[in-house]
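Below is one structure, written out as structure tokens; comments come after it.
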Amino acid sequence: MNDSIERIQNEARSEISSAPNREELERLRVHYVGKKGVLTSLLHQLKDLPADKRKAMGALLNDVKTEFENVLRLRQSELSRKAIEEELAKAPALDLSLSGQYSSAVGSLHPVTRVMEQFIQIMKRIGFSVATGPEVELDYYNFEALNTPEHHPARDMQDTFYIEPPILLRSHTSPVQIRTMKNKRPPLQLIAPGKVYRSDYDMTHVPMFHQIEGLMVDKHISFADLKGVLHYLVKGLFGARPLRFRPSYFPFTEPSAEVDMQCISCKGSGRDCRICKSTGWLEIGGCGMVHPNVFRAVGYDPDEISGFAFGMGMERIAMLKYGIDDIRSFFENDLRMLEQFSC
Ligand code: PHE
């Protein structure tokens, strides 16, 4: 029996270590160490041996089995490595078709940011520069210097949040007019973009929103200049369209007007139009000629210089531009809404 074991060992070693592929290796595994394999049948024959030889032969067969398993494992890993090397030799150096395990989401500008940036670019083209001011503001800049003294009924239109009087959250960007005029002499041509605050909350009002203020001050500035600038601005934002100036009231401008643009949806016909509520017009902001008292407050001589100012809500412009009904959707952080504006 020893002889035949040695023969089997030699045969198995050479067959296994030269097995050409995994299928053949598997066949050899079954043949030598499988349930009905050569070694198993030898182990079965142990019981026929005399007791004194049985133990030694048993140990020998176990060693042989261990050796076979080792040789099989070795050949198995050699074949795997060979298979990988062959694959790599065939494939191009870098497999660009392989998808990554992680993909990173690409962000995009918020629709309000987009509109503001567009607005700023348009105004820069006609010589307006950008000014900024604090969101936490003093009553003086937000109201007082804008010809809106305490107890003035116009304060009701802009009820805001008070940190501790006279410190408040600015209710519009108009205080930037005062801050800039106090620091500079005419001619001035500026816009002031930023966040503003009011205690409002419904489909068209939120407690924080964005405005852009416009201010132009020099000798001989007239309402015609205001109209020209607003036409240019609207043309850049929506394409050329008729504007309508509706007499209105702001304490810091005189005369004052609300600016309406012809409805982009019904083109002014007003027929069954949800967007303009069938009026044919869409309100886009407030404007007027700077009030003499405002000039006095900043030390300008109203007899010598004149100017216009306007203010527009950016959410309102974005709602009209993108057909959004509810202003609150800008601030709900719902990606399904925001992703529509990624490019
Ligand atoms: N500040 C005004 C508002 O927020 C808008 C405005 C600005 C009106 C400048 C006239 C001139 O309602």
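Within the range 147-183, which residues are surrounded by fewer than 19 Cβ atoms within 10 Å (Cβ to Cβ) and more than 37 Å from the chain's Cα centre (by Cα)? Scanning the range 147-183 gives PRO149, GLU150, HIS151, HIS152, PRO153, ALA154, LYS182.
Filtering MET181, MET203 for residues that are within 24 Å of VAL112 (Cβ to Cβ) and in the same structural domain as GLY311 (by TED's automatic domain parsing) leaves a single hit, MET203.
The set of residues in the range 323-340 that are open to solvent by 20 Å² or more (accessible area, probe 1.4 Å), part of a helix (DSSP H, G or I) and either in contact with a strand residue (DSSP E or B) (Cβ under 9 Å, 6 or more places away or on another chain) or not basic (Lys, Arg) (or both) comprises ARG328, SER329, PHE331, LEU335, MET337, LEU338, GLU339, GLN340. Only a single item in (1) over 23 Å from VAL217 (Cβ atoms); (2) at pLDDT 95 or above is not met by GLU87, and it is number (2). Within the range 41-70, track down each residue that is open to solvent by less than 30 Å² (accessible area, probe 1.4 Å) and either closer than 30 Å to ARG22 by Cβ or not assigned by TED's automatic domain parsing to the domain that holds GLU6 (or both). Matches in the range 41-70: LEU42, LEU61, VAL64, PHE68. Of all the criteria given as (1) more than 13 Å from the ligand (Cβ to nearest atom); (2) surrounded by 13 or more Cβ atoms within 10 Å (Cβ to Cβ), the one not satisfied by ALA240 is (2).
Every condition in (1) in contact with an Asp or Glu (Cβ under 9 Å, 6 or more places away or on another chain); (2) open to solvent by 40 Å² or more (accessible area, probe 1.4 Å); (3) farther than 25 Å from TYR141 by Cβ holds for HIS231 except the one numbered (1). For the range 176-186, the tally of residues that are in a helix (DSSP H, G or I) and more than 9 Å from the ligand (Cβ to nearest atom) stands at 7. Of all the listed residues (GLU254, GLU213), the sole one being open to solvent by 70 Å² or more (accessible area, probe 1.4 Å) and in contact with a helix residue (DSSP H, G or I) (Cβ under 9 Å, 6 or more places away or on another chain) is GLU254.
For GLY194, are the conditions met, namely being open to solvent by 20 Å² or more (accessible area, probe 1.4 Å) and in the same structural domain as ILE178 (by TED's automatic domain parsing)?
Details: open to solvent by 20 Å² or more (accessible area, probe 1.4 Å): no; in the same structural domain as ILE178 (by TED's automatic domain parsing): yes.
Spelling it out, it is not the case that GLY194 is open to solvent by 20 Å² or more (accessible area, probe 1.4 Å) and in the same structural domain as ILE178 (by TED's automatic domain parsing).
Pairing each residue of the range 75-93 that is closer than 20 Å to ILE16 by Cβ with any residue that is charged (D, E, K, R) and open to solvent by 60 Å² or more (accessible area, probe 1.4 Å), provided the two are 6+ apart or on different chains, yields C-beta distances under 7 Å for LEU79/ARG22.
Any residue that is open to solvent by 60 Å² or more (accessible area, probe 1.4 Å) and within 13 Å of the ligand (Cβ to nearest atom) - is there at least one of those in the range 201-210?
Step one: list which residues in the range 201-210 are open to solvent by 60 Å² or more (accessible area, probe 1.4 Å), which gives 201-205.
Next cut, within 13 Å of the ligand (Cβ to nearest atom) only: 205.
Checked against the condition, which is being open to solvent by 60 Å² or more (accessible area, probe 1.4 Å) and within 13 Å of the ligand (Cβ to nearest atom), the range 201-210 yields at least one hit.
Given the structure, is THR253 within 16 Å of the ligand (Cβ to nearest atom), assigned by TED's automatic domain parsing to the domain that holds ILE178 and on the phi < 0 side of the Ramachandran plot? In short, yes.
With respect to LEU320, is the statement that it is more than 16 Å from the ligand (Cβ to nearest atom), more than 22 Å from THR180 (Cα to Cα), touching a residue at least 40 places away in the same chain (Cβ under 8 Å) and surrounded by 18 or more Cβ atoms within 10 Å (Cβ to Cβ) true? When the stated conditions are applied, LEU320 passes them. Of the residues that make up the range 115-133, is at least one open to solvent by less than 40 Å² (accessible area, probe 1.4 Å), free of Cβ contacts under 8 Å to residues at least 60 places away in the same chain, within 16 Å of the ligand (Cβ to nearest atom) and in a loop (DSSP other than H, G, I, E, B)? The answer is no; no qualifying residue exists.
The values are calculated or read from the model by the stated rules, or taken from the named source; none is laboratory data. Note that the structure is predicted; figures quoted are calculated from it, not measured. With ideal geometry, Cβ positions are generated from the backbone for all residues, glycine too; neighbour counts draw on all protein chains shown. Note: accessible area is taken over every heavy atom of the protein model, side chains too, but ligands, DNA and RNA are not part of it. Shrake-Rupley method; radii C 1.70, N 1.55, O 1.52, S 1.80 Å.
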